[in-house]
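As C-alpha cells, the structure follows; a few thoughts come after it.
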Amino acid sequence: MKDVEQLRVMKFGGSSVADAGCISRVAQLVHEAAGQGPVCVVVSALKGTTDMLLEAAERAERGDPGYMELTDRLVTRHRDTIRGLHPNESGVQVQDVVDAMFDELKSVFHGVELVRECTDRTADLIAGFGELLSVRILESVLLTLGRVPDVIDPRRCIVTDHRHRNARVNRPLTYERLRDEISRCEGLVLVPGFIAATAEGVTTTLGRNGSDYTASLLAAAMHARELQIWTDVDGVLSADPRFVPDAFLVPELTFAEAAELSYFGAEVLHPSTMLPVIELDIPVSIRNTWNPTGSGTLITVHAQSRFAIAGIASIDNVAIVNVEGSGMVGIPGIAARLFAAIARAEANIIMISQASSEHTVCLCFREADAHRALRELEREFVAEIVSGEIETPRIQGGMEIVAIIGEAMRGHAGISGRLFHALGEAQVSVHAIAQGSSERNISFIVAESEREHTLRTVHAAFFSAEPGARS
Ligand code: ADP
Ligand code: ASP
Ligand code: MG
C-alpha cells in the first residue's frame with residue numbers, strides 16, 4: 001500500500017447498508033474517498049440481519065421450523081438488494097457467491113435443529129454471516145465503479161480469546177497481523193466488521209455493534225489519519241433521539257467523554273471503540289451517510305462543550321443486587337470476598353454504590369448477569385446468612401441506569417444539585433447514585449418504566465439554557 005500515512009478508515013453501520021439505495025450511496029462515498037488516498041472500509045451486515053440470524057438460530061435450537069422462513073426472508077432480501085444494485089448481468093457473480101454462503105448457513109441451521117443445541121460458538125459462526133454477505137455486495141458495486149478492492153478476512157487477523165458473543169481482542173497480535181495483511185493490499189481495502197477468530201481459527205464476534213471496534217482496531221494498527229464512523233444520525237447527540245426528541249448534535253467530544261457515553265449505553269458507538277484510538281490520538285468523526293457534508297461529531301483529546309455536561313446515556317434491563325446486614329460494617333475483607341464472588345460468576349458490575357455506614361452495598365448488573373452474581377454471593381456468604389449477620393441478598397429487576405457525562409463537570413459546583421433538583425421536581429424516584437472520582441460521570445438508577453420521563457427531564461435541565469450558559 002502506498003501513502004499509508006494518509007490512510008483513512010471508514011466504517012458503515014447496518015443502517016448505512018440497509019438496502020440497495022443505501023449501499024449504492026455508500027459505494028459512491030467510498031469511490032470518492034478512494035480517489036483522494038488509501039482507504040480501509042469496514043462494513044456491517046444489512047440492518048437487522050444479525051438480529052434475524054440470531055433469532056433463526058434460537059428457533060432452530062427449539063426445533064421451531066420458523067427458522068427456515070426467517071432464512072428465506074434473508075435470502076430474498078439479499079437477492080433483492082443485489083438485483084436493485086445490478087439491474088443487468090453484472091450481479092451474476094456476486095449472486096453466486098451469496099447463494100453459496102446461504103447454502104452453507106442453511107446446513108449450519110439444519111445441524112442446530114438436529115442436535116437441538118446452539119452453543120455460543122455456533123451462534124458466533126451464524127451471526128458472522130451477515131457481514132460476510134454485505135462485504136461481498138459492496139465489493140460488487142465498487143467493481144462496477146471501476147474500483148478493485150482487496151477484501152480481507154478478519155478471522156485471519158483479529159485474534160481473540162474464546163469468550164464467544166463478546167470476545168476480547170489480543171491487540172498486539174492483531175495489530176501485527178492487520179499491518180502485515182493490509183500492507184500487501186492496494187489502496188482500497190474492504191473488511192467485514194464484527195467477526196474475528198481465536199488463535200485456533202474458530203469464529204468469534206466482538207459483541208453487538210462490534211463493527212465500530214473492528215474499525216478502531218484497524219485505525220490503530222495502521223496509525224490511520226482518521227477514523228470515520230458513518231451512521232444514520234448526524235453524529236453523537238446529546239441523548240438517545242428515540243427517547244428525547246429534542247436531542248441535538250454534539251459537535252465535539254473528548255475521547256474520555258465518548259468512551260463514557262458508549263459504556264453507558266449510547267448505541268451509536270461500541271463501548272470498546274475508543275480504546276485503540278486514544279493511545280495513538282487518532283481523531284474519530286461520526287458522520288451521517290445521508291448528510292455527508294454535515295459537520296458530524298469530532299472526537300479528539302481536546303474538545304470544548306458549550307454546556308455543563310456533554311451528553312446523557314442510559315442502559316436498560318438492569319438489576320440491582322443489594323447485599324446488606326450488620327456483618328458488613330467495619331469488617332475488613334468483606335469487599336474482597338464480595339468482588340471475588342462476582343468475578344467467579346463472570347458477572348460484569350456496571351455501577352456500585354455504598355453508603356458510608358457500610359451497611360448496604362448496592363451492585364448493578366445487566367439482568368442476565370445478576371442472577372449468576374446472586375447465586376455466587378449466596379454461596380460465598382452462606383455462613384453469615386445463616387447466622388443473620390448478612391441478609392439473603394435481594395435482586396430487583398426492571399431498572400435503568402442513567403448517566404450524565406462531561407469533562408466540564410470536574411470541579412464544577414452545582415451539577416448534582418441541578419440534576420437531583422430536576423428529578424425531584426419531576427417526581428422521579430432515584431434508587432441509587434454513584435459518581436466516579438473522575439467526576440466525568442454521575443450515574444443513578446430509576447425504574448425502567450421511568451426511562452423516557454427521566455431522560456427528558458434531565459435533558460431539559462441541562463440543555464434548555466441558551467448555548468454558552470455553563471452554570
Ligand atoms: P449503525 O447501524 O450505523 O451501527 P446504530 O443503530 O448501531 O447504527 O447506532 C446509531 C443509533 O444509535 C442512532 O440511530 C440512535 O437511534 C442511537 N443512539 C443512541 N444514543 C445515541 C446518541 N447519544 N447519539 C446518537 N445516536 C444515538
Ligand atoms: N452486525 C452486528 C450487529 O448488529 C455488528 C454491527 O452492526 O456493528 O450488532
Ligand atoms: Mg452500530
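Just so you know, all these numbers are worked out from the coordinates, no wet-lab data involved. From a predicted model like this one, the values you see are computed outputs, not experimental measurements. Please note: Cβ atoms are built from the backbone with ideal geometry, for glycine as well, and neighbour counts cover all protein chains shown.
Ranked from highest to lowest mean number of other Cβ atoms within 10 Å per residue, what is the order of the peptides 117-123, 137-143?
Details: 117-123: 16.3, 137-143: 21.3.
Per-residue mean Cβ counts within 10 Å order the peptides as 137-143, 117-123.
In whole Å, what are the extents of the range 131-276 along the principal axes defined by its C-alpha atoms, from largest to smallest?
So the extents along the principal axes, rounded to whole Å, are 46, 39, 27.
Taking 25 °C and 0.890 mPa s as the conditions, I'd like the Stokes-Einstein D for the chain in µm²/s, using the Kirkwood hydrodynamic radius from alpha carbon pairs. Before the final figure, lay out each step's value.
Details: Rh = 24.0 Å.
This corresponds to a translational diffusion coefficient of 102 µm²/s.
Considering only the other residues whose Cβ falls under 10 Å of the Cβ of Ala303, what net charge follows from Lys and Arg at +1 and Asp and Glu at -1? Numbers along the way, then the final one.
Numbers: positive: none; negative: Glu252, Glu257, Glu407.
Charge balance near Ala303 sits at -3.
Decide, for the range 33-184, between rounded, prolate and oblate: order the square roots of the alpha carbon gyration tensor eigenvalues as a ≥ b ≥ c, take rounded if a/c falls under 1.5, and otherwise choose prolate if a/b is larger than b/c, else oblate. Numbers along the way, then the final one.
Numbers: a/c = 2.72, a/b = 1.20, b/c = 2.26.
Oblate.
Once you wrap a convex hull around the alpha carbon atoms of the range 314-369, what is its projected area averaged over all directions, in nm²?
4.0 nm²
Report the trypsin sites (Lys or Arg not before Pro) located in the range 123-197 that are in a DSSP loop and have at most 11 other Cβ atoms inside 10 Å of their Cβ, or state none.
Arg184
Helix-only mean residue ellipticity at 222 nm, the chain, DSSP H runs n ≥ 4 weighted -39,500 (n - 2.57), per residue, nearest 500. What is it? Let's see the in-between values first.
Working: 15 runs with 192 residues, N = 471.
Rounded to the nearest 500, it is -13000 deg cm²/dmol.
If you average the alpha carbon positions of the range 98-159 and of the range 400-441, how far apart do those two centres end up, in angstrom?
Here the answer is 43 Å between Cα centres.
Show log10 I(q)/I(0) for the range 226-318 at q = 0.12, 0.13, 0.16, 0.24 Å⁻¹, two decimals, from a solvent-free Debye sum over equal Cα scatterers.
-0.33, -0.39, -0.59, -1.36
Mind jotting down the distance between the C-alpha centroids of the range 18-78 and the range 272-332, whole Å?
27 Å
What fraction, in whole percent, of alpha-carbon pairs in the range 31-77 exceed 15 Å separation? Walk me through the intermediate numbers first.
On the way: 604 of 1081 pairs.
Cα-Cα pairs of the range 31-77 separated by over 15 Å account for 56 percent.
Only loop residues by DSSP count here, and only those with at most 16 other Cβ atoms within 10 Å; note down the GluC sites (Glu not before Pro) in the range 191-254 that meet that. Don't skip to the end; give the middle numbers.
Numbers: sites: Glu200, Glu226, Glu252; in loops: Glu200.
Those that pass, being in a loop and sparsely packed, are Glu200.
Residues in the range 207-251, backbone N under 19 Å from the label point at Thr293 (7 Å along the Cα-to-beta-carbon vector): list them, ranges by number please.
Correct set: 231, 233-235.
Within the set of other residues whose C-beta is less than 12 Å from the C-beta of Ser449, count the net charge using Lys and Arg as +1 and Asp and Glu as -1. Walk me through the intermediate numbers first.
Numbers: positive: Arg451; negative: Asp316, Glu400, Glu448, Glu450, Glu452.
Here the charged neighbours net out to -4.
How much length is gained on full extension from Glu55 to Leu249, taking 0.36 nm per residue of separation minus their Cα-Cα distance?
Details: separation 194, 0.36 × 194 = 69.84 nm, distance 3.35 nm.
Taking 0.36 nm per residue and subtracting the Cα distance, the gain is 66.5 nm.
With a cut-off of 8 Å between alpha carbons and a minimum separation of six or more residues, what is the relative contact order of the range 301-442 in percent?
Numbers: 224 pairs, mean separation 49.1, N = 142.
Over the range 301-442, the number comes to 35 percent.
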